[in-house]
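A.B. asks: Got a structure for you, written out below as structure tokens; questions coming shortly.
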Amino acid sequence: MGKKPPHLSDVEAARNPPSPPPTFHVPLPSMWFPWLVPLIFLATIAMFVYTMYENDCPAYLDEEVCLFSQYLGRFSFQPFRENPLLGPAIRTLRLLGALEKELVVDQNEVWRFFSCMFLHAGVVHLLANMFSLLFIGVRLEKEFGFLKIGLLYVLSGFGGSVLSVLHLKESEANTVSVGASGALFGLLGAMLSELLTNWSIYANKCAALTSLLIIVGLNLAVGFLPHVDNSAHVGGFLAGYFLGFVLLMRPQYGYVNRKYIPPGYDVKRKSKYKWYQYFFLIMSVIILLLGYAYGLAKLYIEKSPENFPFLESYPR
């Protein structure tokens, strides 16, 4: 007969309890140190100061006509009837890189697609955009890092510039378009797509979505005011919305990286991303490529004058 397996008495079992299963703790995601958004803020402020230095209103107009010339000297503003936003003349903005159809398309100065994001029509325009940049951009850079937010900012601004050239109504031939609003609306659009693609990790989903939609709606409504280039707003928002599905995708709730699981621990791991996150990513890449290609082809292949009116002097 075979021997019976040794049986531990209750006393022996109490003296030698089985070892507990190994435990592990997933570290909380670390926050990035935001430096790129403050750098963009400082560069834009410096660019406006240089713009006013280059403008030198008293050198072109009567010193008494220039606003605050007795205090600001060559940094004084153009007359209020010419620029109600307290800023430079159109000639200065054009010289420093403002967006204008003839210069961008006919003279192939494509760098204006990007340089116009760092120019502003006046102090009022500058302050409104820079407060929005700090309020939105710093939080996003803390969560996603400077590389993703930098790409998002530049590509959204580029999308706003392309649509601005394509869709602004015909007006005077000496008009231009400047401002960072296209890039800022791209950040807003990315916040919306980030909420949708990372839906599983949010606790108060409906509250977050409702508040964000209200903010986006109010900002888009500003674009219907006179002398505001809403086409740049819409172009930047759409570009940022689809870029958010590509750049701001995060692991689903409950995902644990293999390196945080100790050896011998039996745990059922979730996939890193959900199927709909991959779907949004693929569709967004296709839409972005087609959208940018269509816009540039419309500009540089169909160069007929009726398709590309001059831009009106609209701050963005």
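Laboratory data are not the source of any read-out in this text; all were calculated from the coordinates shown. On a predicted model such as this, the values are computed, not experimentally measured, just so you know. Here the Cβ is made from the backbone with ideal geometry for all residues, glycine too, and neighbour counts use every protein chain on show.
The rows are residues; the columns are (1) crowded, with 21+ Cβ neighbours inside 10 Å; (2) in contact with a Lys or Arg (Cβ under 8 Å, 6 or more places away or on another chain).
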{"position": "F113", "(1), (2)": "yes, no"}
{"position": "M130", "(1), (2)": "no, no"}
{"position": "Y153", "(1), (2)": "yes, no"}
{"position": "S156", "(1), (2)": "yes, no"}
{"position": "H167", "(1), (2)": "no, no"}
{"position": "V178", "(1), (2)": "yes, yes"}
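A.B. asks: On to the next question. Scan the stretch 184-201 and give yes if some residue there is out of contact with any helix residue (DSSP H, G or I) (no Cβ under 6 Å at 6 or more places or on another chain) and part of a loop (DSSP other than H, G, I, E, B), otherwise no.
C.D. replies: For the stretch 184-201, residues out of contact with any helix residue (DSSP H, G or I) (no Cβ under 6 Å at 6 or more places or on another chain) and part of a loop (DSSP other than H, G, I, E, B): present.
A.B. asks: Another question, then. Please verify whether V104 is over 30 Å from K298 (Cβ atoms), among the β-branched types (V, I, T) and either surrounded by 15 or more Cβ atoms within 10 Å (Cβ to Cβ) or touching a residue at least 12 places away in the same chain (Cβ under 8 Å) (or both), treating the condition exactly as stated.
C.D. replies: no
A.B. asks: If the Cβ limit is 9 Å and pairs must be 6+ apart or interchain, which residue in the stretch 107-120 that is over 13 Å from V165 (Cβ atoms) pairs with which residue that is in a loop (DSSP other than H, G, I, E, B) and of a type in the set (K, R)?
C.D. replies: Once the first residue is over 13 Å from V165 (Cβ atoms) and sits in the stretch 107-120, its partners that are in a loop (DSSP other than H, G, I, E, B) and of a type in the set (K, R) give M117/R316; H120/R316.
A.B. asks: Looking only at the stretch 267-298, count how many residues are assigned to a helix (DSSP H, G or I), more than 20 Å from F237 (Cα to Cα) and among the aliphatic types (A, V, I, L, M).
C.D. replies: Of the residues in that region, 1 qualify.
A.B. asks: Related question: Residue check: is R81 part of a loop (DSSP other than H, G, I, E, B) and more than 28 Å from K148 (Cα to Cα)?
C.D. replies: yes
A.B. asks: Confirm whether V65 is surrounded by 14 or more Cβ atoms within 10 Å (Cβ to Cβ), free of Cβ contacts under 8 Å to residues at least 24 places away in the same chain and either farther than 22 Å from G186 by Cβ or among the β-branched types (V, I, T) (or both).
C.D. replies: yes
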